[in-house]
1. How many of the residues making up region 81-106 are assigned to a helix (DSSP H, G or I) and not acidic (Asp, Glu)?
2. Between 163, 196, which is assigned to a loop (DSSP other than H, G, I, E, B), in contact with a helix residue (DSSP H, G or I) (Cβ under 9 Å, 6 or more places away or on another chain) and at pLDDT 95 or above?
3. Could you say which residue among 59, 69, 130 is surrounded by fewer than 17 Cβ atoms within 10 Å (Cβ to Cβ), at pLDDT 95 or above and not in a helix (DSSP H, G or I)?
4. Assess whether residue 119 counts as being touching a residue at least 12 places away in the same chain (Cβ under 8 Å) and over 10 Å from the mean Cα position of the chain (by Cα).
5. Of all residues in region 133-146 being in a helix (DSSP H, G or I) and more than 13 Å from the chain's Cα centre (by Cα), which is surrounded by the most Cβ atoms within 10 Å (Cβ to Cβ)?
6. Go through 149, 214 for me and flag whichever is at pLDDT 90 or above and surrounded by fewer than 18 Cβ atoms within 10 Å (Cβ to Cβ).
7. Would it be correct to say that residue 107 is modelled with pLDDT under 90, surrounded by 15 or more Cβ atoms within 10 Å (Cβ to Cβ), within 14 Å of residue 40 (Cβ to Cβ) and in contact with a strand residue (DSSP E or B) (Cβ under 8 Å, 6 or more places away or on another chain)?
8. Mind checking whether some residue in region 39-56 is more than 17 Å from the chain's Cα centre (by Cα), modelled with pLDDT of 70 or more, of a type in the set (D, E, K, R) and part of a loop (DSSP other than H, G, I, E, B)?
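The values are calculated or read from the model by the stated rules, or taken from the named source; none is laboratory data. These numbers come from a predicted model, not from an experiment. Here the Cβ positions follow ideal geometry from the backbone for every residue, glycine too, while neighbour counts run over all protein chains shown.
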Amino acid sequence: MARRAGAFVADTPPGAGLYLWLDPSGLHLCRAGRPVSCLRVDFLGGDQGYRAGQLGRQRELVARACGIRGNAAINIVDATAGLGRDGFVLAGLGARVTLIERSPVVACLLEDGLARARQGGLDGIASRIRLVHDDALPWLQGLPADRQPDVIYLDPMYSDGRRRAAAGKALALLQTLLGDDGEATPLLNAATGIARDRVVVKRQRRAPPLGERPPDYALKGRSTRFDVYRVNAARRADAGEY
């Protein structure tokens, strides 16, 4: 799997740097050292498994931001998939989710995590997720009009020393591999011309809006917020939706 995507799986842990490690529990991204630091995509246990187990008991803020209501199935493109945590929650609430991931290594981790989710009894959720290994901007720009999603979700990688310890370790390791997402404003600008209903951007609670572009409104949590950009009503009217 990882070799198909151009990633390297170590047979013996190296003395330094990042490497992929495959064992019976799944595919791990590891950083050599003492102690060795590893992460894997796990939708069955840990924080992500807990969130999946709570879906019927609470309304996730990300779901409200994306406009999920009742049993209506909407199409969401998570254009910066990362570890797939929010995308899996959205699929668990009934959305059809396309995860776009540009990194071959992270795409392999996601593929492995989704496979284990199917084997672990979460096939209903995993079946609503499509994984695409590609760069989000040209992929979105290449969509035909009849395949444009209702919602485009963006969660650009950013440095944040205030993340809680467990999440911070995993994201720090991911950031070592990927670096920051750089200038994500072009992706936001393109997304607002492609999404049929809205674009949602996840930000640290006190961070400025992406590209200093004010959202139509924001939903705030304890440490993060979701900036919501509604699609221009006139463009939706031209498409015959009113």
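1. Filtering region 81-106 down to residues assigned to a helix (DSSP H, G or I) leaves 85-92, 104-106.
Adding the requirement that they be not acidic (Asp, Glu) leaves 85, 87-92, 104-106.
Summing the residues that are assigned to a helix (DSSP H, G or I) and not acidic (Asp, Glu) in region 81-106 gives 10.
2. Numbers: 163 fails: at pLDDT 95 or above.
Being assigned to a loop (DSSP other than H, G, I, E, B), in contact with a helix residue (DSSP H, G or I) (Cβ under 9 Å, 6 or more places away or on another chain) and at pLDDT 95 or above holds for just one of 163, 196, which is 196.
3. Step by step, each of 59, 69, 130 is checked, and only 130 is surrounded by fewer than 17 Cβ atoms within 10 Å (Cβ to Cβ), at pLDDT 95 or above and not in a helix (DSSP H, G or I).
4. Here the answer is no, as residue 119 does not meet what is asked.
5. Among residues in region 133-146 that are in a helix (DSSP H, G or I) and more than 13 Å from the chain's Cα centre (by Cα), the one surrounded by the most Cβ atoms within 10 Å (Cβ to Cβ) is 140.
6. 214
7. Details: modelled with pLDDT under 90: no; surrounded by 15 or more Cβ atoms within 10 Å (Cβ to Cβ): yes; within 14 Å of residue 40 (Cβ to Cβ): yes; in contact with a strand residue (DSSP E or B) (Cβ under 8 Å, 6 or more places away or on another chain): yes.
Taking the combined requirement at face value, the residue does not satisfy it.
8. No: region 39-56 contains no residue that is more than 17 Å from the chain's Cα centre (by Cα), modelled with pLDDT of 70 or more, of a type in the set (D, E, K, R) and part of a loop (DSSP other than H, G, I, E, B).
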